[in-house]
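Asks: Following this message is one structure expressed as structure tokens.
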Amino acid sequence: MKLLWVGIVVGLLYFREVVSGYERVGFNATELSHFEAHGASLAVANDPLMVGLTLIQNAAAKGAVCLDGTLPGYHLRRGSGSGANNWLINLEGGGWCNNVRTCVYRKKTRRGSSKYMEKEIPFTGILSSNPEDNPDFFNWNKVKLRYCDGASFTGDTQDKDAQLEFRGQRIWSAAMEDLMSKGMSSAGQALLSGCSAGGLASILHCDEFRDLFPKTTKVKCLSDGGLFLDVFDVSGERTLRNFYNGVVDLQGVKQNLPRTCIDHLDPTLCFFPQNLIASIKTPLFLLNAAYDSWQIQASLAPPAADPQGYWHECTLNHGKCSSLQIQFLQV
């Protein structure tokens, strides 16, 4: 498979630019992927194709519902010509929720309910149908699977008292089954991609995706900004690990994590993709930039770990970091 846009740039820290008004400012924030951002920057000059939302009508019967119990959905643009038999699936990102309070808040947004999802979204970047913007995939069947569970499509439990459905794994399965019935089962090539929380999901589900197809189908996976730091923050705590622990416990994620990992590691550690990559059999592309201001703010120097604000300016602009702060970031 020809992937001209894919580069592997893995560093100790990762940086994602703020593009077109989207910014990762918290665990429940949203963002454009590197590939979508490329297309979004051209959207002013070239009107992007708007693609309608399709709700998965038989999902509820399978218990595959968003946090609030509404139907999950996706946006599908049919392929044509030489790409008519190839499929690209993009898993939407948008943080996670790790406790009842944040999940209740989330279910009142497009990240937890299809009631609030846009009826149409622009297909840009890797989803674009413009051959100049997207020479490799412009005429493929392209799908944007909406994210409405809060655990990277892996949870499977519920909280009846809070009226929360944690059914990410079932949403994944129902969506794949629906798409297979619409022609994906005969794909010649298939690429599973995702950004941020969706990038994590593309790693977690990579081998599952491969197993959907016959051996003759060329299948690969792409994670865009899906690697997250499991490190001590400036106060000596592990902020992101503690956060992920809440996600894994609350949403019943353990049962859907790869057995090759949870057989020897704590389930929370298996939600960090760096502990999974070595056991993934399907070809996997990793795209991460060298510095990520979000990870500095959320993982290394979150406000709770820096009550005096010593790190505030540094987290907003690494050019304002002291030599000692730079040394800490590079360890």
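Asks: Considering only the range 308-326, how many residues are farther than 13 Å from Ile296 by Cα, of a type in the set (S, T, N, Q) and exposed (fewer than 11 other Cβ atoms within 10 Å of the Cβ)?
Replies: 2
Asks: Being modelled with pLDDT of 95 or more and surrounded by 22 or more Cβ atoms within 10 Å (Cβ to Cβ) is true for just one of Arg106, Arg110. Which residue is that?
Replies: Checking each option against the conditions leaves just Arg106.
Asks: Right, next: Run Ala61 past the list (1) free of Cβ contacts under 8 Å to residues at least 12 places away in the same chain; (2) in contact with a Lys or Arg (Cβ under 7 Å, 6 or more places away or on another chain) and report the number of the one that doesn't hold.
Replies: Failed condition: (2).
Asks: On to the next question. Looking only at the range 269-297, count how many residues are crowded, with 23+ Cβ neighbours inside 10 Å and either outside the structural domain of Leu222 (by TED's automatic domain parsing) or free of Cβ contacts under 8 Å to residues at least 40 places away in the same chain (or both).
Replies: Summing the residues that are crowded, with 23+ Cβ neighbours inside 10 Å and either outside the structural domain of Leu222 (by TED's automatic domain parsing) or free of Cβ contacts under 8 Å to residues at least 40 places away in the same chain (or both) in the range 269-297 gives 1.
Asks: Which one is farthest from Gln295 (Cα to Cα) among residues in the range 211-250 that are in a helix (DSSP H, G or I) and among the β-branched types (Val, Ile, Thr)?
Replies: In this case the residue turns out to be Val248.
Asks: Let me ask something additional. Quick check on this structure: which one of Leu179, Leu204 is surrounded by 19 or more Cβ atoms within 10 Å (Cβ to Cβ), in the same structural domain as Gly83 (by TED's automatic domain parsing) and in contact with a strand residue (DSSP E or B) (Cβ under 7 Å, 6 or more places away or on another chain)?
Replies: Leu179
Asks: Is it true that Gly194 is buried (at least 17 other Cβ atoms within 10 Å of the Cβ), modelled with pLDDT of 95 or more and in the same structural domain as Leu91 (by TED's automatic domain parsing)?
Replies: In short, yes.
Asks: Tell me the residue from Asn99, Asn85, Asn90 that is closer than 26 Å to Lys218 by Cα, modelled with pLDDT of 95 or more, under 20 Å from the mean Cα position of the chain (by Cα) and not hydrophobic (A, V, I, L, M, F, W, C), please.
Replies: Result: Asn90 is the single residue among Asn99, Asn85, Asn90 that is closer than 26 Å to Lys218 by Cα, modelled with pLDDT of 95 or more, under 20 Å from the mean Cα position of the chain (by Cα) and not hydrophobic (A, V, I, L, M, F, W, C).
Asks: From the list Phe209, Phe166, Phe232, which one is touching a residue at least 24 places away in the same chain (Cβ under 8 Å) and more than 29 Å from Gly81 (Cα to Cα)?
Replies: Testing whether each residue is touching a residue at least 24 places away in the same chain (Cβ under 8 Å) and more than 29 Å from Gly81 (Cα to Cα) leaves just Phe166.
Asks: Another question, if that's okay. Write out, first by first residue and then by second, each pair whose Cβ atoms fall under 6 Å of each other, whose residues are 6+ apart or on separate chains, and whose first residue, in the range 45-58, is farther than 25 Å from Leu71 by Cβ while the second is in a loop (DSSP other than H, G, I, E, B) and at pLDDT 90 or above.
Replies: Note: pairs meeting the criteria are Pro48/Thr124.
Asks: Still on this model: Taking the criterion of being surrounded by fewer than 24 Cβ atoms within 10 Å (Cβ to Cβ), modelled with pLDDT of 95 or more, among the polar types (S, T, N, Q) and in a helix (DSSP H, G or I), would at least one residue in the range 121-131 satisfy it?
Replies: No, the range 121-131 contains no residue that is surrounded by fewer than 24 Cβ atoms within 10 Å (Cβ to Cβ), modelled with pLDDT of 95 or more, among the polar types (S, T, N, Q) and in a helix (DSSP H, G or I).
The values are calculated or read from the model by the stated rules, or taken from the named source; none is laboratory data. Being a predicted model, the structure only gives us computed values, none of them experimental. Please note: Cβ atoms are built from the backbone with ideal geometry, for glycine as well, and neighbour counts cover all protein chains shown.
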